[in-house]
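The values are calculated or read from the model by the stated rules, or taken from the named source; none is laboratory data. All values reported here derive from a predicted model rather than from experimental measurement. Glycine also receives a Cβ, built like all others from the backbone with ideal geometry; neighbour counts cover every protein chain displayed.
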Amino acid sequence: MLHRYEPSRTAPYRARRQQILETLSARQAAALIPAARPKARNADTEHRYRPDSDFWRLTGFGEPHAALLLLPKVGERAARSVLFLRPRDREQEIWSGLRLGVERACEALGVDEARPIEQLWKELPTLLEGCTQLCYRTGVDAANDAEVLATLTRMRAKPRSPLPWPQEIVDTAPLLHEARLFKDAAELSAMRRAAEITAAGHAAALRIARPGVNEREVEARLEYEFRRLGADAPAYNSIVAGGANACVLHYVENDAPLADGELLLIDAGAEFEHYACDVTRTFPVGRRFSAEQRALYDVVLRAQLAALAIVRTGTTIDQIHQCALRALVEGLCEHKLLPESVDEALASGSYKRFYMHRTSHWLGLDVHDGGAYVRDGASRALEPGMVITVEPGLYVAPDEASVEPRWRGIGIRIEDDVLVTAGGSEVLTAAIPKQADALEELRREALHSA
Ligand SMILES: [Mn+2]
């Protein structure tokens, strides 16, 4: 158990805490970041535990029933990190697994102090003395919210205390999520591993997909590969959508048989050390794309490559979207799915019946990672260390009456993850094939070996 907490691995977490502590000291603010609470699935069964992303990024500690308190420099007292966690308990550990425990926490995690979680609310008022702000995210956990309010109310009731107390509760998200936008070396290494595992999963899925196989078998094969290679879990519910199911953007039933002549859209990514990968590929269930499938596939791929080509420092998230969108609309007009001109379609928004989502989102600990997309009222410019997805698609609903029947029921999305670097960008998921000819070749091989 303790191998999870090698002291040699604490450096990145310590550096991230240090960065936040400096900001907090400048504001005379403390930050309280609770661990996620285990969630019931049904009756007395819980979902598999997944740490809160903010808590994990600052601690690397994966147990529930814990909280990180970051305290600013106050007078002579240095800034410090205090971890509240469950004490060792032999009887409990027999049922639910070994605990790190209070005694070992400082060495294992590099925090300055460790205390039993049972003491958190009792000791918090004393620890917060001298702080004028408390950074804490309300609305996530009602029980914690009530305790935080009670704590501040208790402190307010001691008006003769010589030290100030927090008179403001400030959302932690702007502080912590802004930091999360810029990935450090350890984070990038986890994201690269998540991308490798995801590539293996997609390759395995491509090998077993064929007419008659159920979407759920493809899902299971993909996720088998994720887990086999060390992923925590899929980073989000895998989408394995044959044929017109791909026109449902968040299709997760994954329970229909695949049919020859249809496409299969797979949107699935591994989570490694709690960092997400997010990839979509679309390929024929049989050996070949039909003429219509190929025409739209090439439009989406062209749009994706055009958008990927402009990812660099200074490009805005909106420019990436506009670039992909224009290429998609050009293709829709070229193939007469839209009757008007490209500029008319862009102005009227008529394309939205085929492309109704945005092109990019931040990626990191959360698949739709935190962090502001808009700054000073304008779309934000990319900077080195940021990771985004680029994922244009086209979806022609099976009942789309405005187009010829031969186009209906085709859903295509192509999605990669891109790191913005000092010199340009790096596609983290480039190893997963997406050229139409390469996909047909892989399909021939897969079906041949059947
Ligand atoms: Mn995505």
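Quick one: Ala66 ticks every box in (1) buried (at least 18 other Cβ atoms within 10 Å of the Cβ); (2) touching an Asp or Glu at 6+ places or on another chain (Cβ under 8 Å) bar one, so which box is it?
Against the list (1) buried (at least 18 other Cβ atoms within 10 Å of the Cβ); (2) touching an Asp or Glu at 6+ places or on another chain (Cβ under 8 Å), Ala66 comes up short only on (2).
Report every pair of residues separated by at least 6 positions or lying on different chains whose Cβ atoms are under 7 Å apart, first residue within segment 151-174 and aliphatic (A, V, I, L, M), second at pLDDT below 90 and part of a loop (DSSP other than H, G, I, E, B).
none
Among the residues in segment 187-195, are any at pLDDT 95 or above, surrounded by fewer than 20 Cβ atoms within 10 Å (Cβ to Cβ), among the basic types (Lys, Arg) and at negative phi?
yes
Residues are listed down the side, and each one gets a yes or a no for (1) in a loop (DSSP other than H, G, I, E, B); (2) charged (D, E, K, R):
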| position | (1), (2) |
| --- | --- |
| Ser8 | no, no |
| Ala15 | no, no |
| Ala30 | no, no |
| Arg41 | no, yes |
| Arg48 | yes, yes |
| Phe55 | no, no |
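Based on what the data block shows, is Glu76 in contact (Cβ under 8 Å) with a residue 12 or more places away in the chain and closer than 26 Å to Glu123 by Cα?
no
Which of the residues spanning segment 52-62 are over 13 Å from the mean Cα position of the chain (by Cα) and either under 9 Å from Ala36 (Cα atoms) or outside the structural domain of Ala114 (by TED's automatic domain parsing) (or both)?
Phe55
From the list Leu296, Leu263, which residue is farther than 20 Å from Arg210 by Cα and crowded, with 23+ Cβ neighbours inside 10 Å?
Within the list Leu296, Leu263, the selection yields Leu296.
Take Cys333 and tell me if it is out of contact with any Leu (no Cβ under 7 Å at 6 or more places or on another chain), assigned to a helix (DSSP H, G or I) and more than 30 Å from Thr421 (Cβ to Cβ).
Against the criterion (out of contact with any Leu (no Cβ under 7 Å at 6 or more places or on another chain), assigned to a helix (DSSP H, G or I) and more than 30 Å from Thr421 (Cβ to Cβ)), Cys333 qualifies.
Testing Ala244 on (1) surrounded by fewer than 19 Cβ atoms within 10 Å (Cβ to Cβ); (2) over 27 Å from Asp369 (Cα atoms), one condition comes back false. Which one is that?
(1)
Output the qualifying pairs, or none if there are none: Cβ atoms under 8 angstrom, residues six or more apart or on different chains, first residue in segment 97-111 and β-branched (Val, Ile, Thr), second residue assigned to a helix (DSSP H, G or I) and modelled with pLDDT under 95.
As it stands, the answer is none, since no pair meets every condition given.
Which members of segment 284-310 meet the condition of being in contact with a Lys or Arg (Cβ under 9 Å, 6 or more places away or on another chain), of a type in the set (S, T, N, Q) and part of a helix (DSSP H, G or I)?
Selection gives Gln304 alone.
Please report, ordered by residue number, the strands (runs of 3 or more DSSP E) entirely within segment 204-275 with at least 1 residues that are modelled with pLDDT under 95 and either among the hydrophobic types (A, V, I, L, M, F, W, C) or under 21 Å from Val396 (Cβ atoms) (or both). Show your work before the answer.
On the way: elements: 239-242, 263-268, 270-272.
So the answer is none; nothing clears 1.
Is it the case that some residue within segment 252-264 is in contact (Cβ under 8 Å) with a residue 24 or more places away in the chain and within 15 Å of the ligand (Cβ to nearest atom)?
Within segment 252-264, none of the residues are in contact (Cβ under 8 Å) with a residue 24 or more places away in the chain and within 15 Å of the ligand (Cβ to nearest atom).
May I ask you to say which residue of Thr10, Thr59 is modelled with pLDDT under 95 and surrounded by 16 or more Cβ atoms within 10 Å (Cβ to Cβ)?
Thr10
With respect to the numbered conditions (1) closer than 27 Å to Trp165 by Cα; (2) not aliphatic (A, V, I, L, M); (3) not in a loop (DSSP other than H, G, I, E, B), which one is the sole condition not fulfilled by His65?
Just one mismatch for His65, condition (3).
Check segment 317-335 and report whether any residue there is within 16 Å of the ligand (Cβ to nearest atom), in contact with a Phe, Trp or Tyr (Cβ under 9 Å, 6 or more places away or on another chain) and at pLDDT below 95.
No: zero hits.
Take Leu439 and decide whether it is in contact (Cβ under 8 Å) with a residue 24 or more places away in the chain, touching a His at 6+ places or on another chain (Cβ under 9 Å), more than 14 Å from Thr315 (Cα to Cα) and hydrophobic (A, V, I, L, M, F, W, C).
no
Does segment 163-173 contain at least one residue that is on the phi > 0 side of the Ramachandran plot, at pLDDT 95 or above and surrounded by fewer than 16 Cβ atoms within 10 Å (Cβ to Cβ)? First the steps, then the outcome.
As a first pass, look at segment 163-173 and keep what is on the phi > 0 side of the Ramachandran plot: none.
So far as segment 163-173 goes, no, none of its residues is on the phi > 0 side of the Ramachandran plot, at pLDDT 95 or above and surrounded by fewer than 16 Cβ atoms within 10 Å (Cβ to Cβ).
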